[in-house]
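Step one of this worksheet: look at the structure below.
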Amino acid sequence: MKLHRAGSVGLVVAGVLGGAAFAAAPAHADIYGCSTSTVCIYEHTYRGGAKQSVSGYASYTDLNGSLHDRASSWTNACRSQGFAIGEWRNGRPYNGQLLPAGWYEDDLRTAGFNDMADYVAWA
Ligand SMILES: [Ca+2]
């Protein structure tokens, strides 16, 4: 698994851990075109192809037809909410990868979860 942490959001986390006011966080914390407080799922590696943006305030979201079983990279641009990307196996949710807030995955093949995802959900 090869996860990446966006620098600007790292500052947010450091501020929280240091006890600093959350207002010290940068006002603009988008990650590679994924808006703050959303999760973005992409058809291809490195944010290529079709894109689906999901609200970070939704606890569970099914991927749409363009991304279902096709997701190859994704970004969690939320400030504090961790997310899982997963699929339904025999009627049960299986989380293929977890992304802490402010992290992104360039290539889901490294997690053994390429072109498999059905949903993203809080984790
Ligand atoms: Ca794909």
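Could you check region 69-83 and list, in sequence order, the residues that are in a loop (DSSP other than H, G, I, E, B) and under 17 Å from residue 114 (Cα atoms)? Within region 69-83, 69, 70, 71, 72 qualify. Residue count for region 84-114 under the criterion of being small (Gly, Ala, Ser), assigned to a loop (DSSP other than H, G, I, E, B) and crowded, with 18+ Cβ neighbours inside 10 Å: the result is 2.
Here residue 31 clears all of (1) at pLDDT 95 or above; (2) touching a strand residue (DSSP E or B) at 6+ places or on another chain (Cβ under 7 Å) except the condition numbered (1). Restricting to region 38-55, give me the number of residues that are of a type in the set (Ser, Thr, Tyr), assigned to a strand (DSSP E or B), surrounded by fewer than 20 Cβ atoms within 10 Å (Cβ to Cβ) and near the ligand (Cβ under 10 Å from one of its atoms). Residues that pass the stated criteria total 0.
Per-residue answers, yes or no, for (1) among the hydroxyl-bearing types (Ser, Thr, Tyr); (2) modelled with pLDDT under 95; (3) out of contact with any helix residue (DSSP H, G or I) (no Cβ under 6 Å at 6 or more places or on another chain):
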{"position": "64", "(1), (2), (3)": "no, no, yes"}
{"position": "73", "(1), (2), (3)": "yes, no, no"}
{"position": "77", "(1), (2), (3)": "no, no, yes"}
{"position": "82", "(1), (2), (3)": "no, no, yes"}
{"position": "98", "(1), (2), (3)": "no, no, yes"}
{"position": "104", "(1), (2), (3)": "yes, no, yes"}
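The values are calculated or read from the model by the stated rules, or taken from the named source; none is laboratory data. Source: prediction; values computed, not measured. Because the Cβ atoms are built from the backbone with ideal geometry, glycine has one as well, and the counts that use them run over all protein chains shown.
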